[in-house]
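First comes the structure, then the notes that go with it.
The values are calculated or read from the model by the stated rules, or taken from the named source; none is laboratory data. What you see is a predicted model; the values in this text were computed from it and never measured. With ideal geometry, Cβ positions are generated from the backbone for all residues, glycine too; neighbour counts draw on all protein chains shown.
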Amino acid sequence: MSLAQNLPDSSSDTPAKLEVKGLTCIRDDRVLFRGLDFSLEPGQALQIEGPNGSGKTTMLRTLCGLTLPSDGEILWNGEAIEDVRPEYMAAMDFIGHAHGIKKELTPLENLQVALAMADTNPNQSLEGVLEKVGLKGFEDVPAITLSAGQCRRVALGRLLLSKSILWILDEPFTALDVQGQAQIESMLVNHVENGGMVILTSHHPLALKDGMLKTINLRP
Amino acid sequence: MWLWFHKLGSPKYFYDLSGKFLPWFGWLTLILMLVGTYWGLVLAPADYQQGDSYRIIYVHVPAAWMSLFVYMVMATAGAVGLIWKMKMADVVASCSAPLGAAFTFLALITGSLWGKPMWGTYWVWDARLTSELILLFLYLGFMGLEAAIDDKRTAANACAVLALVGVVNIPIIHYSVEWWNTLHQGSTVARMDKPAMDTNMLIPLLLMWLGFMFYYGTTLFMRARNEVLHRERDTTWVKDMVTES
Amino acid sequence: MSETSLRSAFFTVLKRDLTLAYRTRTEMFNPLLFFIIVISLFPLAVSPDPKVLQSLAPGVIWVAALLATLLSLDSMFRSDFDDGALEQMLLSVHPVSVIVLGKVLAHWMVTGIPLLVLSPLLAVLMHMPTDSIPALMITLALGGPILSLVGAIGVALTVGLRRGGVLLSLLILPLYIPVLIFAANAVSNAAAGLPIAGQLYFLGALLALALTLAPIATAAALRISLR
């Protein structure tokens, strides 16, 4: 499993802890979730489950600071994420439902932009990353010619580039074939085992040891 | 002070407090406007140039002042809502917009009615009327944006940014329009400014202005209380109040 | 986060947007064509008399430039909003205002500069005196970036709305008025042989103000719109 190797050592010495207290989200008079408490530490993954429309995506967007919670707080190392924005942004990576891959740019150019946004020096070449996500030979074709699954692979390639410890992923397995799903899964498991943190929404069970995987079920 | 500021931010506190003030504001509005109108229309002397037609300033000038004042209130409230995330500030900004637009519209209408005897036409591209017209556009933009965004809080914050941008721009727009006007002004346009106004004319103007201020306060409170009840309809204090009455 | 990485982020965004514009270049010409067509309507609607056109020219060209910019504004954030790239920009470690500035600069280079380059041709169509053509170009050079900067605020506020287009013009056009007044007046003055330094200073001051404040307002507006 080539993906599992050479992962950036995300478990560097910096302490990392995500705490959520009393998180509440109300949209158009509908309570999506109320009074949610949990915390996440290095080496743990959190899987958010729930039927469509139960607020999974809203929750992820709230956790990365895009959406404001109606109530409650999100703390990164004990401080509210809006107060430590640069640190939190450097430590966190988000791949949303719309993954932000520009159709007119090539996979390589897409990764270059992602790299500039993230302010890290990659410990591997961009071509190497593309090879790992199974896109060798597609480096220089416009992404519009790629399939949906291949585009998602480019987006997931961003994770390999970044040194972020916390990955927040909205349905990362969407549009991927069986092999791709297995690859991404091993990538996530590896990240967690190396002291990373993953929060994801998915119905796909992650093969993690007991105690490493937490689950939250959002019921409407 | 800070504590009071925080308390005022709580919808219930605002609702109770404004309920106590409201009748006072309403009566003050009525008295000031009646006295101001009587003094302005009957007691004040006629203008030696314009005769009685100048008396429209008792509506026009306060309305024009209010149009700017309300925009400032709106922008300040917007900034407070944006920075301190205070719900009441959002409500005040949102409820002020239609009132400000109404004042602006009133200033425009009375200005053009006044223009007929003065300039012989209903509309002249005079600096103040033009600025007022642009201000109306700013208000309408604010209201348009607010109406277009579903989520109340997002709408309030987006509108706050717009109002703040507007506040930076209003002096620039005003200055550029003044400047543009001095360039293009024909000799036929008579200016109203006179160095000194008869005290007998000034006092009713100030009374009317105070009346307009209290009118704004009254309607703002009424609208805001209504809006508060609507926004807080799921809270216990609103439900309790409804069941009690 | 070092200064060099901030600079590299700025230039990466600039290069990215220019590349995107180049790869979808057919869309780029539409505002330009609009600019030309609107101006060519005036002789048909008003009068082909050179004297009339000459007196209308500065205003007409500037109003057309305003509307052409307005048409092109939507492209600044729309596709990035739709495909999630805007989210990634907001989640960048860099200040969003710097990224916004890169995007606005790209927008001006793609739409403002072509208008600038095309303007002498339109000046000729409108029978403007040759002496006033440099003045027209200077005002477009100073005023064009203001249009993009201020416009960015409006697009940022409306990008999340399904029908933001008409609203955008309601929000933005009143804010364009000072630029319009000073720029059109400078061109008229130049045609009449009057000094234009004052107007240009004012445009310069407006540009400086817009350059400092607009990216911050745009960044705030984007955060609000993407909630």
Candidates A:Leu23, A:Leu60, A:Leu36, A:Leu32 - the one that is outside any loop (DSSP other than H, G, I, E, B), buried (at least 18 other Cβ atoms within 10 Å of the Cβ) and within 12 Å of another protein chain (Cβ to nearest Cβ): A:Leu60
Please work out which one of (1) surrounded by 22 or more Cβ atoms within 10 Å (Cβ to Cβ); (2) assigned to a loop (DSSP other than H, G, I, E, B); (3) away from every other protein chain (no Cβ under 13 Å) is the condition A:Lys136 fails and give its number. (1)
The number of residues in segment A:89-107 that are crowded, with 22+ Cβ neighbours inside 10 Å, at the interface with chain C (Cβ under 9 Å from one of its Cβ atoms) and assigned to a helix (DSSP H, G or I) is 1
If you take the residues of segment B:30-54 that are modelled with pLDDT under 85 and within 12 Å of B:Asn200 (Cα to Cα), which of them is surrounded by the fewest Cβ atoms within 10 Å (Cβ to Cβ)? B:Pro45
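For residues that are touching a Gly at 6+ places or on another chain (Cβ under 9 Å) and within 30 Å of C:Leu161 (Cα to Cα), scanning just segment C:193-213, find the one that is farthest from the other protein chains (Cβ to nearest Cβ). Before you say what the answer is, go through the steps one by one.
Taking segment C:193-213 and keeping what is touching a Gly at 6+ places or on another chain (Cβ under 9 Å), we get C:203, C:206-207.
Filter once more, so that each one left must be within 30 Å of C:Leu161 (Cα to Cα): C:206-207.
Values: C:Leu206: 7, C:Leu207: 12 Å.
Ranking the qualifying residues of segment C:193-213, first place goes to C:Leu207.
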Checking A:Asn110 against (1) modelled with pLDDT of 90 or more; (2) facing chain C (nearest Cβ under 7 Å); (3) part of a helix (DSSP H, G or I); (4) in contact with a helix residue (DSSP H, G or I) (Cβ under 8 Å, 6 or more places away or on another chain), the condition it does not meet: (2)
Here are some residues: A:Glu49, A:Glu79, A:Glu87, A:Glu73. Which one is closer than 27 Å to A:Ala207 by Cα and either in contact with a helix residue (DSSP H, G or I) (Cβ under 9 Å, 6 or more places away or on another chain) or of a type in the set (D, E, K, R) (or both)? A:Glu49
Being out of contact with any Leu (no Cβ under 8 Å at 6 or more places or on another chain) and assigned to a helix (DSSP H, G or I) narrows it down to one residue among C:Leu44, C:Leu86, C:Leu14; which is it? C:Leu44
State the number of residues belonging to segment A:113-131 that are closer than 15 Å to C:Gln88 by Cβ and either in a helix (DSSP H, G or I) or more than 7 Å from chain C (Cβ to nearest Cβ) (or both). 7
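Tally time: how many residues in segment C:1-31 are of a type in the set (Phe, Trp, Tyr) and more than 12 Å from C:Leu101 (Cα to Cα)? Walk me through it before giving the result.
Filtering segment C:1-31 down to residues of a type in the set (Phe, Trp, Tyr) leaves C:10-11, C:22, C:29.
From what's left, more than 12 Å from C:Leu101 (Cα to Cα): C:22, C:29.
So the count comes out to 2.
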Could you tell me how many of the residues in segment C:151-190 are facing another protein chain (nearest Cβ under 9 Å), among the polar types (S, T, N, Q) and within 21 Å of C:His107 (Cβ to Cβ)? 1
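Okay, residues lined up against (1) at pLDDT below 75; (2) within 27 Å of A:Val189 (Cβ to Cβ); (3) touching a His at 6+ places or on another chain (Cβ under 7 Å); (4) among the aromatic types (Phe, Trp, Tyr):
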| position | (1), (2), (3), (4) |
| --- | --- |
| A:Pro15 | yes, yes, no, no |
| A:Leu18 | no, yes, no, no |
| A:Arg27 | no, no, no, no |
| A:Arg30 | no, no, no, no |
| A:Ile48 | no, yes, no, no |
Test set (1) buried (at least 20 other Cβ atoms within 10 Å of the Cβ); (2) under 22 Å from C:Ser75 (Cβ atoms); (3) over 14 Å from the mean Cα position of the chain (by Cα) - C:Leu115 fails condition number: (3)
From (1) in contact (Cβ under 8 Å) with a residue 60 or more places away in the chain; (2) assigned to a helix (DSSP H, G or I), pick out the condition that doesn't hold for A:Ile168. (2)
